[in-house]
């Protein structure tokens, strides 16, 4: 496989470049009988869409998704679902200046060396525009998980540069342009971003995502652990440089007596584990975090080389997010949904007639 | 797949429980012509082996690996390689007390709920003993990478609880019991661990791993990025709760002008990226970190439930590492080697006749 | 996986129903640098297309394929290729009568039982219309094989009901409506088909496909043998009930002294093997045959049941081929091309630096 | 993947050469809770074992299989099952004469060209000895299918050279040395084989395999059809050159009115389809046939080349079956069992809550 697919039972395969004709994906393995229309995907596509806030790129496209197959009389049939989004606002001319040079911190150099060629228009396949299809596919997974198992998946921006969310109020997330759960800091974020824009610079971010009501038993031991597959899915999002489950890197300085989540008939006493024990979901909420680097597409000049290897200077023009982390919130939700549904289907295959004498625990 | 395999072109599949008859693995996809003997694997197995230091578990087994197939007249033939390690020091009696209760922070509860049963002896399949086969398979990958491409993979303990390595001296790593690259702090580590043992507690750790001379172009865009597959491989190691590539979570508070690695004909000016751009290796050293939780197997009593769901208290007996992070160093190296060789073979498949006009950059 | 993908390195995933909005596919793993336009696929699509001969279904659609991604400035970029064909002549009303009953010999009953629902319009996903995308993807594989390795793939109808091709003249194949290589029997075929149409019946057929200049060494031992993967690909074509490699079922009554293909420095003396020894290509031409059942869509009434399980009688109306085998010729070529390119890429991954002292043999 | 694995949910991966230390396999995906001991596999291993009849090779090995993992307290745990058979009767000296030359009709030449090397002892990895592990794994699949679904899988020799079974009496199959279901012809077989041995020649055969009580709905549309996967599994058995489902190649000269299996509330009227419609099991018995070539290991001299490419003559010594088809009967059963269980688990994943209004049909 050349890497454009994810999942084993709920398989999502995508295609499309930033400035090509269209983006698309095939979902193979969606169970039959799920009610599905384009509207189910459009909400999350709109949340990811550029141009919805003054803090994200100015590119404006409707990102209208179309279902081409796999749905009949309003319900999935069990056969493969084809999805399509036409590119409508491509403005290729913006990118002609980077045809012959590599933007530092971008995939320009590595694509050129790997393939001997590259679609330089807007980053081509390496553009975050590709994630639109992940969001569409993730919305299908989300709907199945919600309607069949009550699983809720919610993401938020937990940190932007130096500004950390100190309270996590899920009701606030959709109330501001930053998916930020701490209303007391939204004004601070706003002025920070204004300042950044003046500097022509960009900033990193931390995004968190939580899934509740996840059934116990998802995840396969050894290599395809649930947490390993979540790490794969989140690290595979553009600009991500780190992934944590539960307490993440804080465990380095924790003691065993502090970290282990005690259990009683009333439930788990804590959730340091982030919902995964031995690679398998425990019924605690799944909690994951990811670190996104600042975009390298800034208009501060930088030293680089041409395609022929000569020294030059680059200034990235075009329309770019000063903080790519913000729009990554719905992408993180989508990827978590895809991984959870994939493992749920895998688990069904092996273990559908399992009966354990142990009652399922919740959180205390 | 039920998760006991990793890789697509260099595929490693393992079996075996902590207290079963034997551990084994099959390597499918090792290219023909590699000189290989048991001795090539034994060195890393000995580094991972319990009982080599007073700071790791007292279980003592020779962990002698045997090649059962795939090697003829001292060289690999291209067919599948079967490897076996017999379990010799099993002392199952140590674990009889946990048959009917779940150790908090362990996979006992999740295995029971997933499968309706579990091999409770030493954690069964969830035991870190399983990683011996990863180390053996990783040694094969390491040897191929080294002999055919000059790739060097080296791991070290970068932090243990509050003690952080401040200098990274690769020559020191094998000179102490901790794989610690900062000689000035080894005595401090030693006394910290002695203290911990008195408290009957355990501690987390951070392990780092570096690969140099990695060819440009490894990694498939979109889902199977090199960094995503590294994250999958490292997060799949027992006790790991976080993975970073390059600057990792530090990017959250970096600006684009600071993070992007500038390029010139003399090479990359820095390596904030950790060797991966757009999911593809750049020729910079690959640098990854992982956080390991403190083992939950401590003899401080803890609240838990029985298999029937009743309240009880657990005290883990048996032989356990107070810091599982230490022995994870060779495991991290093995997993990185497996991922790199797998991607190297994948890349060959697609892109073997690629000719880019751009010269390959090193570090300045 | 839910089965809508084929291949491991050259992976084709399809979607689309007979009467849905569109058919599409994603090719993941096409090497970069291949010149590719829609015209490269259109020739084979036209050969498969209904309505080109009076002996195939009267449904008329242009089957115009569109490249949506993966090609830049006329060449493949190494990223995933999205292909689309819009359905334009759907006439769903023809099929309303089969909504509530199952056509014997069709997938109606099995889809209903598997999924609890089915898109009954023209067979939905089970329609041979789906094979249009295989032909498009196969044309890409064919072009790569031809341009990079000189591999030629040619199919023909070797038998239709009682009429057997006795001479195989490749120049004749495209000269008649039947892809028939024996010009002396075309008139006989023509009158046979006219007679059949009067009887409102259908007939089976045998299709053969040959690949020449196939490199030695393709195919992986044990399960993913080249012949096993060819069998999988051909048996996966609608209506196929048997697959042969080389002498096929004739070997049942052959002796070893007769069957084995002797070798000399001048080459192989014969090709009973059909180009595969031990699951690996030998350099002899690859020769495969497949048997296609007569379509069950005939207007002779037949006993069946309703969706509720009651007795009823069915008469299939609509536009159907009296011999589906004819149009299967380009499909067989496409599937063989996909398998060969997939194995060629797989082989590169493992064995690219292999040097055998043995010269490569041709046929004498 | 390098081809040593089969299946997606019930995955069998094998290793081992004819004259290596041991053969082994890993079963990944066997559901938990199945009672399993070595004895469950030994019966089929004994049926496949050489030396049980005077008509098969004289090599004598106990072929004792050992379970190394995945079974605890007599039941499968859901984790990977390691199986091992030590090679005990290797007599490598028999094969030293073929070290430098290629046996026509064998994999010697293709392995050499693919890998640049080969384990020439007894064919190494290409030996049918490898199938012992398939039989062991297949016995596990058979047991699960039988105990959980009542599926029965039975194979027989339907033709040996010119001698065709005319009656299929399942009770006769285990009563003779040939797995032959027509008692009236056993004497004829016996004298035919004696004559063949005098001629130092070998003969082809046809093996059939039937599965009854197969649930409706197994098989994924398009590429991973049940019949396509059966074809893959059977064509992947050593020496197989053709595979048929149901009426197989006889369909070429059938009319639609004759071939289609009519349905009524009482069941299917016939089984021309061989139990598969549109790639999905119909509930009719699954019926498959395969053609096995005569072994090329005969002591009649034959023209060939040396490893250096020079002309020479080969006479195969050693212990060989004059009809490899006979021992292929338990192998065919094993492969069908593996495919059916794999699809049964796959089907569970997607479609476990499906409710069709249509009652399940049997055969009339």
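Just so you know, all these numbers are worked out from the coordinates, no wet-lab data involved. Note that this is a predicted model, so its numbers are computed, not measured. Every residue, glycine as well, gets a Cβ built from its backbone with ideal geometry; the counts of neighbours run over all protein chains shown.
Here are some notes:
- The mean count of C-beta atoms from other chains within 10 Å of the C-beta of residues in C:124-133, rounded to a whole number, is 3.
- In terms of packing, defined here as the mean over residues of other Cβ atoms within 10 angstrom, the peptides C:142-152, A:149-159 line up highest first as A:149-159, C:142-152.
- Among C:347-358, B:323-334, the order from most to least packed when residues are scored by Cβ within 10 Å on average: B:323-334, C:347-358
- Acute angle (nearest 10 degrees) that the helix C:226-235 long axis makes with the longest principal axis of chain C, alpha-carbon atoms: 10 degrees
- For region A:99-178: rounded, prolate or oblate by the Cα gyration tensor [a/c cutoff 1.5]: oblate
- Antiparallel DSSP beta bridges within region A:258-364, as percent of all bridges there, nearest 5: 90 percent
- For residue B:66 and residue B:360, the difference between the fully extended length at 0.36 nm per residue and the C-alpha to C-alpha distance is 101.8 nm.
- Cα Rg over Rh - region C:187-334, Kirkwood: 1.11
- Angle in degrees between helix B:324-351 and the longest Cα principal axis of chain B, rounded to the nearest 10: 40 degrees
- Remark: mean inter-chain Cβ contacts per residue of B:63-69 equal 4, using a 10 Å Cβ-Cβ cutoff to other protein chain atoms.
- Kirkwood Rh and Cα Rg combined as Rg/Rh, the protein assembly as shown: 0.96
- Simple spin-label estimate for residue D:188 and residue A:191 in nanometres, 7 Å along Cα-Cβ: 10.0 nm
- The convex hull around the C-alpha trace of chain C, projected and averaged over every direction, spans 19.8 square nanometres.
- Packing rank of B:124-137, C:113-126, C:206-219, where each peptide gets the mean count of other beta carbons within 10 Å, highest leading: B:124-137, C:113-126, C:206-219
- Spin-label proximity, residue A:299 to region B:253-271 - amide N less than 17 Å from point 7 Å beyond Cα toward beta carbon: B:256-257
- The angle between the Cα long axis of helix D:131-149 and the longest principal axis of the Cα atoms of chain D comes to about 10 degrees, rounded to the nearest 10.
- For residue B:38 and residue B:168, the FRET efficiency from 1/(1 + (r/R0)^6), where r spans their Cβ atoms and R0 equals 25 Å, is about 0.20.
- For the peptide C:195-204, the mean number of other protein chain Cβ atoms found within 10 angstrom of a residue's Cβ is 4.
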